[in-house]
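Read the structure below first, then the notes.
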Amino acid sequence: MTDKFYLEEAIDDLHTLLDMTRWATSRFNDAELYFGHGTDNAWDEAVSLVLQALHLPHPILASVGESILSSRLTKSEREKIAELVLKRVQTRMPLPYITNEAWFCGMPFYVDERVLIPRSPFAELIQNQFSPFVENEPASILDMCTGGACIAIALAHAYPEAQVDAVDISTDALEVADINIQEHGLSHRVYPIQSDLFTNLEGQKYDLIISNPPYVDAQDMADLPDEYHHEPELALAAGEDGLDLVDTMLRQATSYLNDGGWLFIEVGNSEVHMNNRFPGLEVIWIEFENGGQGIFAVNKDTLVQYFSSKD
């Protein structure tokens with residue numbers, strides 16, 4: 001049967017929010033889509049699509065309850081949902097790019113194909129205010145490789161008195177960052193800066209540096225599902241072992257950290273290459289209650305001692 005048939009059948013025969021969610025789930029499973037941009041299964045992806053199509057707030061199921069799923073939909077609402085489902089199946093574009101909405105740290109953000117879709121376990125660290133590592137509230141924070149500034153904005157919410165520099169090499173990404181900074185009313189505390197890592201930050205000092213940089217190694221880049229090829233390669237690929245940018249950041253961070261400052265970097269699956277690239281460097285790997293891995297913490301003193309011993 002053709003996609004057009006499925007579309008018309010759904011619009012004509014289905015009536016409730018639950019009907020459309022179940023139908024979308026079936027279509028996603030039938031197409032063998034890959035999930036990893038905010039959801040990890042077809043049902044949750046379908047729920048997210050339907051709620052966004054109907055302009056319903058993301059947490060509504062938790063606040064109102066599942067009774068809302070029995071709500072009947074108008075024909076135009078069913079048409080809109082069906083069209084979004086069809087686009088997701090035919091293009092294999094991640095849902096947040098289709099709806100231009102992604103959630104991070106419980107907040108909505110604008111996203112498009114100029115930036116990565118936020119999905120980092122940094123959210124848990126931010127919500128816990130980097131306990132037990134960061135003991136005093138930081139006054140100056142750097143979000144390196146900020147993309148759409150989701151992490152930078154979440155940091156500004158976690159630390160209401162802090163200034164946050166949101167740095168990226170991509171001017172396209174910084175245009176998206178500025179959209180989100182303005183939308184969240186943080187232009188007075190979150191500053192988008194174009195820079196190739198620390199190049200344009202001479203003289204700046206930070207209490208806390210966060211980075212979710214490109215870290216996908218060559219083998220993983222070759223094996224990425226179709227959905228990930230909609231994301232900017234500049235924000236994913238980082239050399240043979242995925243640590244090219246991390247190497248530069250670790251070597252230069254001491255010049256930009258205040259005494260007692262901490263550096264947190266996400267390296268994802270490239271964690272397996274860290275010992276080969278930095279033998280003997282004592283970093284602390286974060287254990288997450290809500291899932292995720294591949295983020296380490298290291299303080300300024302440790303970096304100074306490590307790299308001075310290499311000179």
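The values are calculated or read from the model by the stated rules, or taken from the named source; none is laboratory data. In this text the structure is predicted, and so the values were computed from the model without any measurement. Neighbour counts are summed over all protein chains in view; Cβ atoms, including those assigned to glycine, are modelled from backbone coordinates with ideal geometry. Please note that ligands, DNA and RNA were not included when accessible areas were found on the heavy atoms of the full protein model with its side chains. Shrake-Rupley method; radii C 1.70, N 1.55, O 1.52, S 1.80 Å.
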statement: Here the convex hull volume per residue of the range 1-99, taken over Cα atoms and given in Å³, is 87
query: Of all the accessible heavy-atom surface of the range 23-157, with the other protein chains kept in place and a 1.4 Å probe, what percent is carbon and sulfur?
result: 48
- prompt: Can you list the aspartates and glutamates whose alpha carbon sits under 14 Å from that of LYS300, skipping same-chain ones fewer than 8 residues off?
  reply: ASP207, ASP259, GLU282
task: Please go through the range 114-199 and write out the GluC sites (Glu not before Pro) that DSSP classes as loop and that have at most 14 other C-beta atoms within 10 Å.
output: GLU135, GLU161
query: Can you pull the accessible area of ARG27 for me, 1.4 Å probe, Å² to the nearest 10?
result: 40
query: Could you state the principal axis extents of the C-alpha atoms in the chain, from the largest down, to the nearest angstrom?
result: 71, 41, 35
Surface per residue (accessible, 1.4 Å probe) for the chain, Å²: 48
- request: Please work out the FRET efficiency for the pair SER309 and THR199, using the Cβ-Cβ distance as r and a Förster radius of 25 Å; give the result to the nearest 0.05.
  value: 0.45
- line: Once amide hydrogens are built 1.01 Å from N within the peptide plane, the residues lying 5 or more places from LEU116 or on another chain with amide H under 5 Å from its amide H are GLY148
task: Report the local net charge at ASP13: Lys and Arg +1, Asp and Glu -1, summed over other residues whose C-beta lies under 10 Å from its C-beta.
output: -3
query: What fraction of the DSSP beta bridges in the chain is antiparallel, stated in percent and rounded to the nearest 5?
result: 35
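To the nearest 20 debye, what is the magnitude of the charge dipole of the range 1-99 about its Cα centre, counting +1 on the Cβ of each Lys and Arg and -1 on the Cβ of each Asp and Glu?
Working: 10 positive and 15 negative charges, 49 e Å.
The calculated dipole for the range 1-99 is roughly 240 debye.
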statement: Looking only at aspartates and glutamates whose Cα falls under 19 Å of LYS75's and that sit 8 or more positions away or on another chain, we get ASP3, GLU8, GLU9, ASP12, ASP13, ASP19, GLU83
task: Multiply the residue gap between GLN182 and GLN129 by 0.36 nm, knock off their C-alpha separation, and tell me the result in nm, one decimal place.
output: 16.7 nm
